[in-house]
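The block underneath contains the structure these notes are about, expressed in structure tokens.
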Amino acid sequence: MLFSEAVELYWTDKSKRLRGNTLEGYASAIRRHLMPAWNGREVEEITHDEVQAWVDGLPSYGAAEKAFKTFRQIYRWTIRKHQLRIWDVTQGVELPQAPVVRRQTLRAADEQRMLKGIVGQPWEAVVLLEAALGLRRCEACGVDWSDIDWRGGWVHIQRGAHWVGGSLIEYGTKTKLGDRWLKLPRWAMARLRAIRGKRKAGRVRGDLSPHQIAGRFRRHCRREGLPWVPMTCLRHSWATISLEAGAAIEDVSVALGHSTVDTCIRHYLQSFRTVVGRASDAYSSAMLTPA
């Protein structure tokens, strides 16, 4: 079977099950990396060494990771679906070493200044929710005014808004842990009450799409000289500020909707010094306690 045929059959099958934004990512990897390398090749003739050489030749870690994972999914699906009796050549393929990524974050004081500087903007509620709850941009854009418990300050995170193929599409959260209740700080609750006015329902983003909000947020902060990080990094800022203020990493992980604490450590803990310092202080305290 030609690899191009396998891609077509895989796409027909998976397009019935996968989300549009997921398919869009796969389509990009197939178009940019898979087809130029494997179009016209028989699936059964592809070797492990060829796959490894292809991965090694990709321009970056991000490209290699995405392209290889997409290739592996198609390759293994083809083996299972068509019961091919061949060895899985994707086994043992090594990806390049992941680079150390230092994500941009705001300090608490800078975030306070930024939030004061965006008061009155049409997209203020989205940025406020993302900053105050550590939401993904798509989650903040998916919040409805009716998702907020105005007595207790709890917000039900249950959907995300995505821009796919020129259209705005909403999906439920990917996992059960992603569907969660988060508690707003009192100051954020008070500001959201003022923004909401008499509205009882409707998306907090109004008629704006996620990328429109991100662009307007960036331009406003630069024009006004406000502290700024990309909207995605407001989530990182929330995690870092919380951890450095003494929050348990397990609690932060749950609030972020992660399936494991390891994800939180790898992606959001910018500095271990605060966490390690707390552990060291606890040990010192215990050693100074009379036996």
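A few remarks follow.
- DSSP-assigned coil residues among trypsin sites (Lys or Arg not before Pro) in segment 4-55, each with at most 16 further Cβ atoms within 10 Å: Lys16, Arg17, Arg19, Arg41
- Segment 1-121 - accessible surface per residue (Å², probe 1.4 Å): 60 Å²
- Available extension along the chain between Glu42 and Asn21 is 4.7 nm, counting 0.36 nm per residue and deducting the alpha carbon span.
- Partner aspartates and glutamates whose Cα lies under 14 Å from the Cα of Lys66, excluding those fewer than 8 positions away in the same chain, are identified as Glu24, Asp56, Glu94.
- Rounded Å value of the spacing that divides the Cα centres of segment 166-225 and segment 105-144: 8 Å
- The radius of gyration of the Cα set in the chain, together with its Dmax, comes out at 23.1, 75 angstrom.
- Percentage relative contact order, segment 1-83, counting C-alpha pairs under 8 Å, at least six apart: 47 percent
- Of the GluC sites (Glu not before Pro) in segment 1-85, those whose Cβ has at most 14 other Cβ within 10 Å and which sit in DSSP loop: none
- FRET efficiency estimate (nearest 0.05) - Cβ-Cβ, Arg186 to Ser284, R0 41 angstrom: 0.75
- Taking 7 Å steps out from each Cα toward its Cβ at Lys14 and Glu170 produces label points 2.8 nm apart.
The values are calculated or read from the model by the stated rules, or taken from the named source; none is laboratory data. No experiment lies behind these values; they were computed from the predicted model shown. FYI the Cβ positions are ideal-geometry reconstructions off the backbone, even for glycines, and counts take in every protein chain you see. We work out accessible area using only protein heavy atoms, side chains counted, and drop any ligands, DNA or RNA first. Shrake-Rupley method; radii C 1.70, N 1.55, O 1.52, S 1.80 Å.
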